[in-house]
Structure formats: structure tokens, C-alpha cells
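Any read-out appearing in this document is the output of simple, stated calculations on the displayed coordinates, not a laboratory observation. As the structure is a computational prediction, the values presented were derived from the model and not from experiment. Here the Cβ positions follow ideal geometry from the backbone for every residue, glycine too, while neighbour counts run over all protein chains shown.
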Amino acid sequence: MRTNDQLEPNIFVIFGGAGDLTSRKLMPAMFDLSQSHAIPAHFSIIAVDRVEIGEDAFRKRLYEGVRKFALHGKAAVKEWTEVARHIHYLQGDFKANATYKELGAQCAKLEKEWGSKAQRIFYMATPPSLFGEIPSFLYRAGLAADRERARIVIEKPIGSDLESARALNRILAEGFHESQIFRIDHYLGKETVQNILAFRFANPLFEPIWNRRYVDYVTITVAEQVGMEHRGGYYDGAGALRDMVQNHLLQLLCLVAMEPMVSFNADEIRNKKVDVLHAVRPIPFDAVHRSTVRGQYGKGWIDGKKVRAYREEAGVPPDSQTETFAALRLFVDNWRWQDVPFYLRTGKRMPRQVSEVAIQFRAVPHQSFPTEATLDWQPSRLVISIQPDEGITLRFQAKHPGEKLVLRPVDMRFSYRESFATPSAEAYVTLLWDVINHDATLFMRADQVEAAWQLLMPVLDAWKASPPSDFPNYAGGAWGPDSTQGLLVQQGHSWPVPVELAGGSPQGT
Ligand code: BG6
């Protein structure tokens, strides 16, 4: 285990400590941190949950998660034992004062033992219904009184619409200053997502053409192969727009469209991002059907395996109207992007798992080559691959070898795997490290969350007002409903076939 004396003592409290998120994401990330980045010399994890389970059995359960999901997962028992002795389990009701009294006593005891005050990080890994209540208990129990050292970390969803997000933000603000609130969007912890800023603003090459003069349109795709797994109950109340677009896709849009930051400072970057959300042209309620597409998967085939329909998934009603696919056409009304369409799409049970941003450049203003030379001509395109492949591909025209003048598209590729020996850190490792270091750059501020809800409200309202009559409207294993093409074809645009860095080349569909 690597410890770091420079880091303040730290008590990391996880509400919902016996849940899935803790064993799949938080503990594996903590373990990775303890093996690579280092954790404070005085460090303790207190997992709080209702479940009755002994401390040893609890640690054993976490160990299974670590072995399965941590990057350093093949941990020898010795390494794990060193970390595990810092983990404690507190059984208690989230809505009982006694739980917070006991938690306070445990924190005070640790601080006394260490002879120093500690950072107290309260992580909400509970169902969202508790997001408002637990912070109030913490506040009333005086556990978050030290503004410099107490922090609260909240997972999405932050509300289920603008009103509920505002209400939750208000409750949080009663007990915590905005600088103490870390709202996680795990997409922002992904290496390639952070690299969008590096790529755009650390290279003078692309920024001059990153605007309406050169860019024809932008597509953002976050496609998943998985269906519901065991999350049908939650997902059916959310749907793709709330689950993915409100947070991950709009955050990607912000990073691609934002103005350069003056300094690498949390608020400066967040200001620039929120400017993008404010500039997105509102979709009028009665134009929603022209600017959006929703879908739900039926039965289908993926990678030669039969997959069941959404309505047959556990926890999903057989007549569910929830969308498992959403696509939108947005415009960012500012000098840089006026009238450049940004097409966003995301869905479950798609042919491949792939997240990527494709910047489609305009055609040359004048075609000086003979027609026979340009039969295979395609405009230049830059693709930022976020996952599972991580890298950047630039497609441009080149002369095909031979005596005849023929132009063909070719690719120039940067692949993380080939360029860097170190594998990319898991998003949660990055994000937890930032929480411990009090760096909020990659976290969502209240105004960002609310601006994102605000721009989606007409879509949510219009979709609610006219329930879909054609669900399921795409087969599992398809790229969404056929009408998704319609969003683009009117403008002569098309969804790109996602890049495969391992060998494929980007084509138009
Ligand atoms: C979560 C959504 O925020 O992101 C899930 O709730 C989705 O529905 C997941 O599967 C996707 O994350 P990743 O990192 O696997 O792309």
C-alpha cells in the first residue's frame, strides 16, 4: 500500500456501503488508489448500511469486488489485508439520528487517535430517494460543519426533471457550501473524455478550424450493447434521456463546443461548459417531434446471441413506454457554432458498445479534381474514440498510388494503447483521487445540472404528452429506430459507422 504524508487524514464514509456501487466501483477504485496514487497515511473507510453483516464477512465481499474489478485486481491477500484493516462497517438506519451519532463518535475517535482533524468525505451510494435526507441528517448532526474538510459526493440522477433537481440542490445548499458538493458524472473521469480538452487546447493545429466555417456537423454517439442486467426497476422510471443524455452526452457536447479556458481552474472550466448549455437553442414543445427520436428495443440478435425485448426484462412492465434509445438534433447559438447541427444518440442493445465524437468537416469550397478522380471522395472527419477503443482518427483524402489520378480517403490514427504503456485509469479512480484532493474540475456544479435539465424539459414534456404508439420500434442489435436517419438526411448528413481503432476505417452510413 502506498501512503502519502502530504495528504490530510481522511475518513471516507460510504452511505449504501453494502450496495453494488461500493463493491463494483468504489472499493476497486480505492484499492487501485492505494496501490498506485497513494492514499493518506491516516485513512479510514466507514461503510454505512442497513444490512446486518459482520465486519469480516463484509470485507470478504468487498475483496471479491476488488479481485474482479480493480486494475490491480489480482491483489495478493497480503496487499488486500493491509487495505482491509482500514475498512469498517457501521450498521444503521439512514433515517435514524442514532446512526449519525454513532458515526460522529467513530469520526471523533479516529481523529483523536490520529491527533489531527480529518477530511470527512460523505459518499451517497444509496438510492436517489435518500439523496435529500442523508445530507440533512449529516448537517443536523454537525458532521459537515467544517467547510474546509467536509465534502459530500452525490451520484446521478440529480433529480428527475428541472424542478426536482432544483429542490435537491436547495436541500444540499442548506447544509453544504457549493464548494463542498461533488456531483459525479463518471464520464468526465474517463481518460479520453479529459483528453478532449488536451487535444483542443494544447495543440494550435485544430482550434482554428473548430468552428462553423470548417465544421459541417458533429455527431456524438454513446451506444451500449448491454440491456437491463438487473437495473430494469430503476431504468424504467428513467429512460435514455434522463439516464444518459441529461448528463453524459450533454457533458460531451460541452467539452466539444466550449470556448478555450483561460486557466485550468475548476470554476473557469465549469463556467465555459455551462455557457454552452445556455447557448443551446431551446427546442419548442411543438417542434420536439422534428428534432428528436425515441425508441425501445424489441427482441433481436447481438453477436449471434438472441436477446430479449426490453418489455421482457426483469423489473420492466410488459407495456412499458420507456425509451431505451434517444437521439436529438441540437444547435449551439453562438459565434462559433451558429447553425452547425450537433446530433446526439444513445441507446441500449445496439450492435456494439461504442462511445465517440465525430467532427465532420465541410467539403472543399471548389472541387478542382476531375470527377473520375473523386468518385470515392468523402469529406474529412475527425473521430474521438472514447470507449472501448481509446484514441483519435483523422480521415483525409490521399492520392491512390498508380498512374491514374484517383483520390481515396485514408486514416491517420492515434491509439492510447499503442502510444502509452500505462493503461488508462478507471474513471472512479480519477474521480475519487480528485475528491480527496478537493479538485472539483470534473464534477458538476448546481447550475450546470439545472441548465441541462432546462434544455431537456420540452422534450420530456412533449414525449410525456404524446406517448409512443410504435414501441418496440427497433430490434435488439440495431442502431436504433429507422427514423433516426431522418434526423440527419434532410440536411444531407449521416451517422458515421463507428471507428474500430484496431483496424476498421470510418465510413459514412
Ligand atoms: C450510467 C447509466 O450512468 O452509465 C447506465 O446509468 C449506463 O445506464 C452507464 O450503462 C454507462 O457507463 P459506461 O462507463 O459503461 O459507458
Gyration tensor (Cα) of the stretch 358-452, equivalent ellipsoid semi-axes in angstrom:
42, 19, 8
Expressed in nanometres to one decimal, the distance between label points 7 Å along Cα→Cβ at residue 64 and residue 398 is 5.1
List residues of the stretch 146-183, by number, whose backbone nitrogen lies under 18 Å from a label position 7 Å along Cα→C-beta of residue 464.
157-169
For the stretch 44-95, take the alpha-carbon Rg, divide it by the Kirkwood Rh, and send me Rg/Rh.
1.01
Estimated [θ] at 222 nm from DSSP helical runs (n ≥ 4, -39500 (n - 2.57)) normalised by residues in the chain, nearest 500
-9000 deg cm²/dmol
Going from the fewest other Cβ atoms within 10 Å to the most, one would list 273, 74 as 74, 273
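Equivalent ellipsoid semi-axes for the stretch 163-250, as square roots of 5 times the alpha carbon gyration tensor eigenvalues: give them largest first, rounded to whole Å.
Working: eigenvalues 188, 96, 35 Å².
Semi-axis lengths for the stretch 163-250 are 31, 22, 13 Å.
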To the nearest whole percent, what portion of all C-alpha pairs in the stretch 351-509 is separated by more than 21 angstrom?
67
Ignoring solvent entirely, what values of log10 I(q)/I(0) come out of the Debye formula for the stretch 215-271 at 0.23 Å⁻¹ when each Cα is a single scatterer?
-0.97
Treating only the Cβ atoms of Lys and Arg (+1) and Asp and Glu (-1) as charged, compute the dipole magnitude of the stretch 218-375 about its Cα centre; round to the nearest 20 debye.
340
The answer for GluC sites (Glu not before Pro) in the stretch 1-87 that fall in a DSSP coil and have at most 14 neighbouring Cβ atoms within 10 Å is 52
With no solvent term and unit scatterers on the alpha-carbon positions of the chain, Debye gives log₁₀ I(q)/I(0) at q = 0.09, 0.11, 0.13 Å⁻¹ of -0.69, -1.01, -1.36
Give me the one-decimal Kirkwood hydrodynamic radius in Å for the stretch 1-157, with the sum taken over alpha-carbon pairs.
15.8
The stretch 243-317 versus the stretch 177-227: alpha-carbon centroid distance in Å:
13
Protection proxy (average C-beta count within 10 Å per residue), highest first, orders 318-324, 199-205 as 318-324, 199-205
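Rounded to two decimals, what is Rg over Rh for the stretch 259-366 when you use alpha-carbon atoms and the Kirkwood radius?
1.08
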In whole percent, what relative contact order does the chain give with Cα contacts below 8 Å and a gap of six or more residues?
16
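Ratio of alpha-carbon Rg to the 2.2 N^0.38 Å globular estimate for the stretch 424-509, to two decimals, please.
1.62
With charges set only on the Cβ (+1 for Lys and Arg, -1 for Asp and Glu), what does the dipole of the chain come to about its Cα centre, in debye to the nearest 20?
Values: 59 positive and 60 negative charges, 87 e Å.
Magnitude of the dipole: close to 420 debye.
Need the full-extension length gain, residue 6 to residue 408, defined as separation in residues times 0.36 nm minus the C-alpha distance. One decimal, nm.
139.2 nm
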Protection-proxy order for peptides 326-332, 168-174, 122-128, each taking the mean of Cβ atoms within 10 Å per residue, highest first
326-332, 122-128, 168-174
Evaluate the charge dipole of the stretch 32-146 about its Cα centre and quote only its size in Debye, nearest 20, assuming +1 on the Cβ of each Lys and Arg and -1 on the Cβ of each Asp and Glu.
100
Highest to lowest packing among 436-446, 363-373, 14-24, scored as the average C-beta count within 10 Å:
14-24, 436-446, 363-373
Note: the stretch 330-408, point scatterers on Cα, Debye, no solvent; log10 I/I(0) at q = 0.22, 0.25 Å⁻¹ equals -1.08, -1.17
Fewest Cβ neighbours within 10 Å first, please rank 377, 301 accordingly.
301, 377
Choose one of 435, 324, 396: the residue whose Cα lies farthest towards the positive end of the charge dipole of the chain (beta-carbon charges +1 Lys, Arg; -1 Asp, Glu; about the Cα centre).
396
Under 5 Å between amide hydrogens, which residues at least 5 positions from residue 39 or on another chain qualify, with H placed 1.01 Å from N in the peptide plane?
2, 3, 4
Rg and Dmax of the stretch 201-332, using alpha carbons, in Å: what are they?
18.5, 54
Please list the equivalent ellipsoid semi-axes of the stretch 12-57, computed as the square roots of five times the alpha-carbon gyration tensor eigenvalues, in descending order and whole angstrom.
21, 12, 9
Given a Förster radius of 35 Å and the C-beta distance between residue 117 and residue 209 as r, what FRET efficiency does 1/(1 + (r/R0)^6) yield to the nearest 0.05?
0.10
Cα radius of gyration and Dmax for the stretch 1-81 (Å):
12.4, 36
Rounded to two decimals, what ratio of Rg to Rh does the stretch 257-310 give with C-alpha atoms and a Kirkwood Rh?
1.29
Rough spin-label spacing in nm, given labels placed 7 Å along Cα→Cβ, for residue 177 and residue 366
6.1
Which value, in Å to one decimal place, does the Kirkwood hydrodynamic radius take for the stretch 64-154 when every pair of different Cα atoms is included?
15.2
